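**Q** Encoded as structure tokens, here's the structure I'll be asking about.
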Amino acid sequence: MRISEAVFRDMADFFDNVVRSANVWIDFLDFQGEVLVWNQCAEEISGYMADEVVGTDVKKLIYPDPGYRRKIEWEIRDLLARDRRIHDYRTVVTCKDGRRRMISWNIAKILNNSGENIGFVEVGMDITEVQEAQEHINKLNKLLETLYSISQMNMKEQDVASLTESACMS
């Protein structure tokens with residue numbers, strides 16, 4: 001029995017270390033949505049320390065706008081009602097210092113041995129810079145398309161002008 005207890009303790013320590021040191025936001029919520037686990041990356045991104053959010057409904061802090069928060073809660077509830085997992089669900093969180101960050105969430109139900117939902121694990125990746133870079137690329141592409149269209153119109157006008165000129169010369 002002691003070997004099993006030691007193995008279990010080692011596995012729990014390993015799990016704790018993986019979650020704590022992961023380079024993505026990881027939190028565990030109970031069925032009521034209160035934070036049970038809040039890792040170091042969640043602290044770094046959000047600015048909220050674990051002791052500030054464990055035991056609370058953190059959504060009130062990271063989604064301060066009640067309408068936006070209700071929309072997110074409803075959408076997540078709806079998606080999880082259809083499936084046990086959500087992939088790449090994007091939200092904008094408000095950090096403790098007021099910064100806004102785009103987070104891509106993967107969320108899964110945690111089921112007990114009876115198959116009952118007892119909580120949720122949320123894994124979030126900060127994609128703010130990626131999103132901003134994509135928006136910049138999109139703007140540049142639109143600019144290039146516009147410049148190309150203008151150049152095509154300009155070429156057509158030059159073609160008409162040179163045809164008219166050559167017709168007049170003949």
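**Q** Express the carbon and sulfur contribution to the solvent-accessible surface of the chain as a percent, rounded to the nearest whole number, probe 1.4 angstrom.
**A** Here carbon and sulfur together make up 58 percent of the probe-accessible area.
**Q** If you filter the stretch 1-78 for chymotrypsin sites (Phe, Trp or Tyr not before Pro), then keep DSSP loop positions with at most 15 other Cβ within 10 Å, what is left?
**A** Passing both the DSSP loop test and the Cβ count: 31.
**Q** With all protein chains present and a 1.4 Å probe, how do 137, 45 order by accessible area, largest first?
**A** Largest accessible area first, the residues go 137, 45.
**Q** Let me ask you something else. Residue 5: accessible area at probe 1.4 Å, nearest 10 Å²?
**A** Rounded to the nearest 10, that gives 90 Å².
**Q** Also: Compare 151, 104, 21 in a GNM of the chain, Cα atoms joined below 10 Å, and give the one with the largest fluctuation.
**A** 151
**Q** Where only protein heavy atoms count, and the probe is 1.4 Å, what is the accessible area per residue for the chain in Å²?
**A** Numbers: 11940 Å² over 170 residues.
Ligands and nucleic acids excluded, the result is 70 Å² per residue.
**Q** Let me ask something else about it. Please report, in Å, the Rg and the Dmax of the stretch 1-88, where both are computed over Cα atoms only.
**A** 15.9, 52
**Q** Would you kindly work out the equivalent ellipsoid of the chain from its C-alpha gyration tensor and give its semi-axes, the square roots of five times the eigenvalues, largest first in whole Å?
**A** Those come to 54, 18, 17 Å.
The values are calculated or read from the model by the stated rules, or taken from the named source; none is laboratory data. Since the model is a prediction, treat every value here as computed from it, not as a measurement. As a convention, Cβ positions derive from the backbone with ideal geometry for all residues, glycine included, and neighbour counts pool all protein chains shown. Heavy atoms of the whole protein, side chains included, go into the accessibility calculation; ligands, DNA and RNA do not. Shrake-Rupley method; radii C 1.70, N 1.55, O 1.52, S 1.80 Å.
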